[in-house]
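Structure first, then comments.
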Amino acid sequence: MWGALLPADRDVVRYRISELRECIHELTRITSKPYEELGIDERYSIRYNIIVLAEALVALCLHIAKNVFNYMPKSYVDSVEYVGRRLGVKCCEDLIAIVKLRNLVVHRYWVVDDRKIYESVVNDFKCVEEFIMVVERKVL
């Protein structure tokens, strides 16, 4: 498909995709309630699941970058941007925004606005779903 490079490890790709889907499911479940009804534990669960979602996305992109494209990303954002663009994902900027949100939650958690995170989650994960479909079609 992309020359004589080694194929991706299908088990790794499937596992990361399952992590992404589990996070999307959990985030969708939590945000089915109005923001005002969320308890502190649910707000922190949203943060946690954003982190896990972004980490799974990055791990998947790192694996594909290294094993399929023989490319060593310089950062989390670089891995997502490179793989997204190489695979032709049209909403790559949305994927990058998830990684940047993860960085904000992890490194500057005291400035996180939980309402804004909630609103971004409520607007769903169409881009992540598109990315998963492209990976399943082109990499698996």
Quick check on region 54-76. Is at least one of its residues more than 13 Å from the chain's Cα centre (by Cα), of a type in the set (Phe, Trp, Tyr), crowded, with 20+ Cβ neighbours inside 10 Å and on the phi < 0 side of the Ramachandran plot? no
Of GLU26, GLU36, which residue is in contact with a helix residue (DSSP H, G or I) (Cβ under 8 Å, 6 or more places away or on another chain), within 22 Å of ASP114 (Cβ to Cβ), surrounded by fewer than 18 Cβ atoms within 10 Å (Cβ to Cβ) and modelled with pLDDT of 95 or more? GLU26
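Residue-wise test of (1) of a type in the set (Ser, Thr, Tyr); (2) in contact (Cβ under 8 Å) with a residue 60 or more places away in the chain; (3) touching a Leu at 6+ places or on another chain (Cβ under 6 Å).
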position	(1), (2), (3)
ARG43	no, yes, no
ASN49	no, no, yes
VAL52	no, no, no
VAL58	no, no, no
LYS66	no, no, no
VAL80	no, no, yes
VAL83	no, no, no
LEU95	no, no, no
Taking the criterion of being surrounded by fewer than 17 Cβ atoms within 10 Å (Cβ to Cβ), over 20 Å from ILE30 (Cα atoms) and within 10 Å of the chain's Cα centre (by Cα), would at least one residue in region 97-117 satisfy it? yes
Grab the helices (runs of 4 or more DSSP H) fully contained in region 1-118, keeping just those with 1 or more residues being hydroxyl-bearing (Ser, Thr, Tyr) and under 17 Å from LYS138 (Cβ atoms). 76-87
Looking at region 85-106, can you tell me whether even one residue there is over 25 Å from ALA8 (Cβ atoms) and touching a Phe, Trp or Tyr at 6+ places or on another chain (Cβ under 6 Å)? no
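The values are calculated or read from the model by the stated rules, or taken from the named source; none is laboratory data. Every value quoted in this text rests on a predicted model; they were computed, and no experiment measured them. Cβ sites come from the backbone with ideal geometry, for glycine too, and all protein chains shown count toward neighbours.
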